[in-house]
Every structure is written in C-alpha cells, then in structure tokens.
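Okay, structure first, notes after.
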Amino acid sequence: NAPLPDAAALLDRRQCHFARPQKNYYRKPPEIERGWKEHLFDVEGRAYLDMVNNVTILGHGHPRLSAAVARQWSLLNTNSRFHYAAVAEFSERLAALAPEGLDTVFLVNSGSEANDLAIRLAWAHTGTRNMLSLLEAYHGWTVASDAVSTSIADNPQALTTRPDWVHPVVSPNTYRGPFRGEGSTVHYVDAVAAKLRELDEKDGRLAGFICETVYGNAGGIPLPPGYLKAVYAMVRARGGVCIADEVQVGYGRLGHYFWGFEEQGVVPDVITVAKGMGNGHPLGAVITRREIADALEKEGYFFSSSGGSPVSCAVGLTVLDILHDEALQENARTVGDHLKARLQALGQKYPLVGAVHGMGLYLGVEFVRDRETLEPATEETAAICNRLLELGVIMQPTGDHLNVLKIKPPLCLARESADFFADVLAKVLEEGW
Ligand code: PMP
C-alpha cells in the first residue's frame, strides 16, 4: 500500500504558493477528499458532518448533477454570445421564480460579481453613486461589493476604509444592537431616516440600498418586522433602487420561504443570487426589471466569458430540478424547525447559549458570557468549534464578535444528522471548554 500523504506537509506546500489572504478553516484542518450528501470524508476515511457548507445545497457528490455536468461538457461549452437553448431556459426559470415584474436576468459567476453588477445597475439607473448599506454586512470581494461590506470579522479595517459613496446604517440586530426586541423597528427605521438627512446636507442623491433580507452575516437574525417595508419606501421616495442580497439566505434555505424578502413582505427592485444556485459550480445571477437592466447600456455592454455558459446553465437547471424533485426546501423547513427546537432546548440548560437565531437550515447559536450584558463568548466559541471538529462536526463562528455558530448545512440534511449535531453540541457544552 502506498503511504498516505502527510496532511501537515501538504498544508505547508499550500502556504508556500497559495496567497495568504485566502484563509483556511482550522489551524489543523483535516485533508478531505470526498463528499456524500451532508458528509465529508478525509484521506484516512474519517467521516465529518458538514454543518457549514451553505453552497452545496443539494449535498455533496450528487450523482444526477455530476451526470448532467459531464454530459454538457462533452456536448458543448461556450459563452452566451452564442445562441443555445440552455441560456433561454435558465433565464426563463429564474424569472419565473422571482416576483412579477422582475423578469430580466444577468448570468454571472459568483455572489461578489452579482452584487457588483447590482450596484452598477443602481448607479446607471439613477445617474448617481451614493449607496446605503448595513453595518456588519458582507457582500463580496470585488471593488463595489467590498465597498458596501462593513463586517469587521471579515475585514478589521472595514469601518475606516469605505469609499465616500458608501453610507452604512446601524445593523438592525434585534438581539444585541442598540435597540432590542420586536418593538425596535421604529428606531432602526429612524436611524435610516437620519442617515438620509445627513445625505441631504451633502449631495442628497441616492442610487440605492443593499442588504441581506435575513441578516445572514450577523448570524441568521431576521430583520425587525416591517423594517424593509419602511426602508424600501424611503429609498424609493428618493428614486433609489432596492437590492436584496439573497446569495446566502435565498433559494429555499430558509425553509419557510424561497426568498428572504418574502419574510419581510416586500418586493425588491434587484435580486442577487449565487452560492446554492450552482451547488458549488461558479454561478450567480442578477434578476431585475427590464428598465433597470437596460440602463446598463449607458455604461457600455455587459459580457461575462463563462456567465451563462451551457455548462453553467445545465448546472443551474439541474439544481432547480433536484431542489424540486427532492423537496429540499420542505426538508429545510421540517428538519430546520426540529433542529432549532433542539438547540433552543440546549439554551434552557446551558447559560452560554444566549439565543438561537434564524429559520429553516439557516440557524445561528449565539454564545454569551452573561445574558444581561450579552458579553460575547468569542474564545469559547472558537474552542467549541475546535472540539466539534474532534468529534466529527465541521462548524465555524460568524458575526462581528465571532461568537455565533453559523449553521447552514446542505438542505438534504437528514433528521438523524440534525440530532447527531445537537447531541454532540450538548456533549461539548457539558464538558466545558
Ligand atoms: N453576499 C453574501 C451575503 C455572502 O455571504 C457572500 C459570500 N459569503 C457573497 C455575497 C459573495 O459571494 P461569492 O463568494 O460567491 O463571491
């Protein structure tokens, strides 16, 4: 038998040539080589439960998707300047998923690109640059999507390095923000109004507003009730475009809703989507109204070499078919509700559990040292994640204080796997950290 490759030596090789700002999970990560449904397997055959992979919504190694990709690759792959059926079919399917009026689609390769393009559409449509965004947000790494990202967990310098067209408003975090509970909506809406008044004193013109419709980056916290209705109205009153970043929370993950904006009872002007829509294949889209899409022509044509390629469209169409045929949104709802109840029960027993946020298979367990002061249990969260790895569960922290477990597994998560996760977390909380 050939000797197993040395995982530590391989990690050293990675550090040699792979640029440092590209971080990896864990100081001593397992070297994984295979995936199946919600499980990953390392080179020694050890199984891990993947509770963090928000991209692979169908699960790892899906045979129907692999077969569709292989077939399309062997038939044709080119770019969307050519005429082929898949680009028409996929655009049609995406438009059918969006609310009425949002019938025009751009196909790109990632969430960052989708948000970048959405911001450029807002600029082109309004003829101005000012964008409102939320503090604690992450929207991508490209120039414009990064500009509206203010999460200090992702970039410690974020708050001092935003360009002057970015106007972040207070994060409407009803758990630990300056205003708490359901009645806090009016205060968070007032904060947006105050920001708009500040803007009036300068140039005053507004291109748009971008936010996640369930606050994924902050730990899966729903926005306060009525928040988006009020903010979208204020933005539209100034001619601005409302962009819903559904990259992480949209496409069925919430179980109870296909899109996060449904939870707020609003319809955005632009939807951005990526991640799960390709199940890991680079795929993203912007869905909007015809007149907003057409405005881009003022700035030139749009072309993406692989956005909307036959292979990408085959992936997108097959993912939608499998989502439907395997009732994965329904699974996210039932297994997600069950898991949330189990996690809430842990909160009854362990004071470290400050709250369980989210819905469907987008949940966040927030750890605090004190339920009154809400002091974030950052080091404890890191230690818990490391211990979970030893026990066979992949889990990572999120939020500006890195004290929230970001629970976003494949949507095919079995009830038994949800129970395994809750049991192992209970064991870790019982052991201490
Ligand atoms: N928006 C949100 C809400 C995200 O979570 C992410 C990725 N974490 C992005 C945009 C960027 O997507 P991508 O990594 O595909 O560029």
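The values are calculated or read from the model by the stated rules, or taken from the named source; none is laboratory data. Please read these numbers as outputs of a predicted model, since none were measured by experiment. In this analysis, Cβ positions are derived from the backbone assuming ideal geometry, glycine residues included, and neighbour counts consider all displayed protein chains.
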Could you please give the count of residues in the range 56-85 that are surrounded by fewer than 19 Cβ atoms within 10 Å (Cβ to Cβ), touching a residue at least 40 places away in the same chain (Cβ under 8 Å) and in contact with a Gly (Cβ under 8 Å, 6 or more places away or on another chain)?
1
Determine whether the range 260-268 contains at least one residue that is assigned to a loop (DSSP other than H, G, I, E, B) and at positive phi.
yes
Restricting to the range 182-198, count the residues that are more than 17 Å from CYS242 (Cα to Cα) and surrounded by fewer than 16 Cβ atoms within 10 Å (Cβ to Cβ).
8
Scan ALA230, ALA194 and give me the residue that is in contact (Cβ under 8 Å) with a residue 40 or more places away in the chain and either part of a helix (DSSP H, G or I) or of a type in the set (Lys, Arg) (or both).
ALA230
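Within the range 240-255, can one find any residue that is in the same structural domain as GLY111 (by TED's automatic domain parsing), among the β-branched types (Val, Ile, Thr) and over 18 Å from the mean Cα position of the chain (by Cα)?
The first filter runs over the range 240-255 and keeps only residues in the same structural domain as GLY111 (by TED's automatic domain parsing), leaving 240-255.
Checking which are among the β-branched types (Val, Ile, Thr) leaves us with 241, 243, 247, 249.
Within this subset, residues satisfying the condition of being over 18 Å from the mean Cα position of the chain (by Cα) are 241.
Yes, that holds for at least one residue.
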Before we move on, is ARG71 within 21 Å of LEU320 (Cβ to Cβ), away from the ligand (no atom under 16 Å from the Cβ) and either modelled with pLDDT under 95 or in the same structural domain as THR142 (by TED's automatic domain parsing) (or both)?
yes
Restricting the range 290-318 to residues that are out of contact with any strand residue (DSSP E or B) (no Cβ under 8 Å at 6 or more places or on another chain) and outside any helix (DSSP H, G or I), the one modelled with the lowest pLDDT turns out to be GLY300
Residues of the range 229-256 being in contact with a strand residue (DSSP E or B) (Cβ under 8 Å, 6 or more places away or on another chain) and within 16 Å of the ligand (Cβ to nearest atom), which ones?
CYS242, ILE243, ALA244, ASP245, GLU246, VAL247, GLN248, VAL249, GLY250, TYR251, ARG253, LEU254
Of all residues in the range 374-433, count the ones that are in contact with a strand residue (DSSP E or B) (Cβ under 7 Å, 6 or more places away or on another chain), farther than 27 Å from ALA137 by Cβ and in a loop (DSSP other than H, G, I, E, B).
2
Mind counting the residues in the range 148-160 that are among the small types (Gly, Ala, Ser) and either away from the ligand (no atom under 13 Å from the Cβ) or not assigned by TED's automatic domain parsing to the domain that holds PRO172 (or both)?
1
Could you please find all residues in the range 206-253 being under 21 Å from ALA95 (Cβ atoms) and basic (Lys, Arg)?
ARG253
When restricted to TYR25, TYR48, the only residue touching a residue at least 40 places away in the same chain (Cβ under 8 Å) and over 23 Å from ALA274 (Cβ atoms) is TYR48
Are any of the residues in the range 370-379 among the hydrophobic types (A, V, I, L, M, F, W, C), surrounded by fewer than 18 Cβ atoms within 10 Å (Cβ to Cβ) and not assigned by TED's automatic domain parsing to the domain that holds LEU223?
yes
When the range 209-234 is checked residue by residue, the ones that are more than 17 Å from TYR362 (Cα to Cα) and surrounded by fewer than 24 Cβ atoms within 10 Å (Cβ to Cβ) are PRO225, GLY226, TYR227, LYS229, ALA230, TYR232, ALA233, MET234
If I filter the range 272-289 for residues that are among the basic types (Lys, Arg), in a helix (DSSP H, G or I) and surrounded by fewer than 22 Cβ atoms within 10 Å (Cβ to Cβ), do I get at least one hit?
no
Please indicate, with yes or no, whether at least one residue in the range 332-348 is in contact (Cβ under 8 Å) with a residue 60 or more places away in the chain and closer than 20 Å to HIS401 by Cβ.
yes
Which ones in the range 100-121 are out of contact with any Gly (no Cβ under 6 Å at 6 or more places or on another chain) and of a type in the set (A, V, I, L, M, F, W, C)?
LEU102, VAL105, PHE106, LEU117, ALA118, ILE119, LEU121
